[in-house]
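Heads up: the structure comes next, in structure tokens.
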Amino acid sequence: MSIDPRVALQSLVTALEEHLAASASRRREDDPAVEAAYLGIADAFEVYEEALYDAFGEVTPLEIYEEPDDDDSEDEADYAPDLIEAEAAPDRT
């Protein structure tokens, strides 16, 4: 059984309001309340998107931004010096 999209939308709006309140009362750069509210928006959005699709076959034009995994960053860091060296090497053709 799918959730009513209107209920999911209200949960998303509530999550956005909680993020605004947490951001306004931020105590430091890495405030856990802001991070929790940020994740709350992402979770509520995913529920809304699924409910909207299940009920009406529609989606929003929005996407959840996800930071790259640390594992991916390490792979890219290993690759980047090779790329830089290849670009810096003179063309000897």
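Taking 0.36 nm per residue of sequence separation and removing the Cα-Cα distance, the ILE41/GLU58 pair yields an extension gain of 4.2 nm. Stretching the chain fully between ASP4 and ARG27 yields a gain of 4.7 nm (0.36 nm per residue, less the alpha carbon separation).
Out of the trypsin sites (Lys or Arg not before Pro) in region 2-58, which ones are loop residues according to DSSP with at most 10 other C-beta atoms within 10 Å? Mind dumping the intermediate values first?
Working: sites: ARG6, ARG26, ARG27, ARG28; in loops: ARG26, ARG27, ARG28.
Answer by residue number: ARG27, ARG28.
Per-residue Cβ neighbour counts within 10 Å put GLU49, GLU29 in the sequence GLU29, GLU49, beginning with the fewest.
Only the coordinates and a few stated rules stand behind these numbers; no lab work does. Model, not experiment: these values are computed from the prediction. Ideal geometry is used to build each Cβ from the backbone, glycine not excepted, and the neighbour counts take in all protein chains shown.
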